[in-house]
Amino acid sequence: MSPTKARKPVTVAIILILIVGLVAVAVAYLAFERVECSLGTAVSSDVMITPVALFNTPYGGNATTNLGSPTFTFGSGGLVFATAISSAGLPSGVYGTGKAPYLPEGLFTAYNWTLYSVKNSTVFTTSQAQPCTTGFVAAPAVQNGQSTKWYSTNDIAIPNATTDLGEAHFPPLGTGPSPFNLTYHPDVWFNNGFQTANYPAVNSCGLSGTQEITIKGTVSFPISVSLPGPNGHNVTVRGSLTYSSRDANQPTLQYEFPGNTGSWQIYSLAGTNTSGPLAFQYTPC
């Protein structure tokens, strides 16, 4: 057998091994190729009147909140776009209300909001694909310059002081100092009202003393932001506002119900029988 003929099987074997290897690499490449949602580019921006904290007061009772840093979160598919605002610039101390007409309260300021596009990108991972489910997300930024940093505690409108049903989803007119009010700037939509009883009721009829509900940790409120999209028409993105107590040893929210006054149906924004920000509907004894 000539050396040339002896080398042919070896050469063929090497080629086959290379082909099999390339196929294996291609299969592995495709097996781990996934689509993932990632942040795109800034589309538009505007100064918007924004809630930093929200809380309801049970009719006839009291409510307090110990403000921590707010975080605004929006998502699309696997993309979670969270913006935390430092509590260093927030007013210090506990905020509360317990005076007639027991209106819901909000702490508001002006943030410069930006609408961002999102896009699907190819990644290589063992995780499941998480493509974009919406076309946009949003984020706020603190205004430059101390003169534009203001915080205002305002009553939020409700049709009837005995219930948070029908609570307004927008800050009151003239929330901040001119020009930082709704005459000049759009606002961030929020949801803090009563919907339906999903949390254990409080009944103080025939009882003396004060009953309390204490909420600790992070609380969350649905919000949405509307800004011009690429074609000039407004795009609405939905997210959440969350904040915790400034002091870890203090409750984030505390509600007080006076004795022998009435009963309160309660709605928790966090879900059925789950501690979270509460809204109330009152019935006298």
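Details
- Out of GLY96, GLY106, sole residue that is in a strand (DSSP E or B), modelled with pLDDT under 90 and within 30 Å of THR283 (Cβ to Cβ): GLY96
- Listed by position, the strands (runs of 3 or more DSSP E) enclosed by the stretch 211-265 that each have at least 2 residues that are of a type in the set (A, V, I, L, M, F, W, C), within 16 Å of the chain's Cα centre (by Cα) and closer than 23 Å to ALA168 by Cα are 219-228, 234-245.
- Given (1) part of a loop (DSSP other than H, G, I, E, B); (2) surrounded by 15 or more Cβ atoms within 10 Å (Cβ to Cβ), index of the condition VAL137 fails: (1)
- For the stretch 26-54, a tally of residues being part of a helix (DSSP H, G or I) and either at pLDDT 85 or above or open to solvent by less than 70 Å² (accessible area, probe 1.4 Å) (or both) returns 3.
- Enumeration of residues in the stretch 187-207 that are over 18 Å from ALA53 (Cα atoms) and touching a strand residue (DSSP E or B) at 6+ places or on another chain (Cβ under 9 Å): GLN195, THR196, ALA197, ASN198, TYR199, PRO200, ALA201, VAL202, ASN203, SER204, CYS205
This table checks each residue for (1) modelled with pLDDT under 95; (2) aliphatic (A, V, I, L, M); (3) touching a helix residue (DSSP H, G or I) at 6+ places or on another chain (Cβ under 7 Å).
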residue	(1), (2), (3)
ALA161	yes, yes, no
LEU165	no, yes, no
PRO171	yes, no, no
PHE221	no, no, no
SER244	yes, no, no
ASN249	yes, no, no
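- As a summary of the residue check, SER268 satisfies the conditions (1) open to solvent by 40 Å² or more (accessible area, probe 1.4 Å); (2) polar (S, T, N, Q); (3) touching a Pro at 6+ places or on another chain (Cβ under 9 Å) except for the one numbered (1).
- In the stretch 197-209, of all residues being part of a loop (DSSP other than H, G, I, E, B) and modelled with pLDDT of 95 or more, the one that is surrounded by the most Cβ atoms within 10 Å (Cβ to Cβ) corresponds to SER204.
- Count of residues meeting criterion [over 16 Å from TYR267 (Cα atoms) and open to solvent by 80 Å² or more (accessible area, probe 1.4 Å)] in the stretch 156-196: 6
- Across the stretch 58-77, the qualifying residues are those that are touching an Asp or Glu at 6+ places or on another chain (Cβ under 7 Å) and open to solvent by less than 30 Å² (accessible area, probe 1.4 Å), and the one among them that is farthest from GLN130 (Cα to Cα) is GLY61.
The values are calculated or read from the model by the stated rules, or taken from the named source; none is laboratory data. As the structure is a prediction and not an experimental result, all values here were calculated from the model. Using ideal geometry, Cβ is built from the backbone for each residue, glycine included, and neighbour counts are taken over all protein chains shown. Surface accessibility is based on the protein's heavy atoms, side chains included, excluding ligands, DNA and RNA. Shrake-Rupley method; radii C 1.70, N 1.55, O 1.52, S 1.80 Å.
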